[in-house]
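Input: a single structure, listed below in structure tokens.
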Amino acid sequence: MNKPSFLIHEIQVEKVGNWSLFKFSDSLQLRMEDLPDKKKADQLTTDEIAELEAIGELDHIFTHMNAMLAAQDAN
């Protein structure tokens, strides 16, 4: 399985209002939207399955980290 770290070059920090948030590059965001559609059509390769899992894990990590940063800024 691919590890989320293989996507490190696709990580960006973007200023949104007063916050700096971790985000996916545009190309990775598009890929994250494309792979579930292929999965629904049962057209994923084994490499794409691993890629989808890695992207999902990274998305979960970013969501958590961004929530922690927002909570810290709120205090």
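Of all the criteria given as (1) out of contact with any strand residue (DSSP E or B) (no Cβ under 7 Å at 6 or more places or on another chain); (2) touching a residue at least 12 places away in the same chain (Cβ under 8 Å); (3) not in a helix (DSSP H, G or I), the one not satisfied by Leu28 is (3).
Restricting attention to the range 10-22, the residues that are open to solvent by 90 Å² or more (accessible area, probe 1.4 Å) and either touching a residue at least 12 places away in the same chain (Cβ under 8 Å) or aromatic (Phe, Trp, Tyr) (or both) total 2.
Has the range 23-38 got at least one residue that is among the aromatic types (Phe, Trp, Tyr), open to solvent by less than 100 Å² (accessible area, probe 1.4 Å) and out of contact with any Lys or Arg (no Cβ under 9 Å at 6 or more places or on another chain)? So far as the range 23-38 goes, no, none of its residues is among the aromatic types (Phe, Trp, Tyr), open to solvent by less than 100 Å² (accessible area, probe 1.4 Å) and out of contact with any Lys or Arg (no Cβ under 9 Å at 6 or more places or on another chain). The set of residues from the range 39-75 being among the hydrophobic types (A, V, I, L, M, F, W, C), open to solvent by 60 Å² or more (accessible area, probe 1.4 Å) and in contact with a strand residue (DSSP E or B) (Cβ under 7 Å, 6 or more places away or on another chain) comprises just one member, Met65.
The set of residues from the range 37-53 being in a helix (DSSP H, G or I) and either over 17 Å from the mean Cα position of the chain (by Cα) or not aliphatic (A, V, I, L, M) (or both) comprises Asp37, Lys38, Lys39, Lys40, Thr46, Asp47, Glu48, Glu51, Glu53.
The values are calculated or read from the model by the stated rules, or taken from the named source; none is laboratory data. Here the structure is a predicted model, which is why all the values come from computation and not from measurement. When we count neighbours, we look across all protein chains shown, and the Cβ atoms used for this are built from the backbone with ideal geometry, even at glycine. Please note that ligands, DNA and RNA were not included when accessible areas were found on the heavy atoms of the full protein model with its side chains. Shrake-Rupley method; radii C 1.70, N 1.55, O 1.52, S 1.80 Å.
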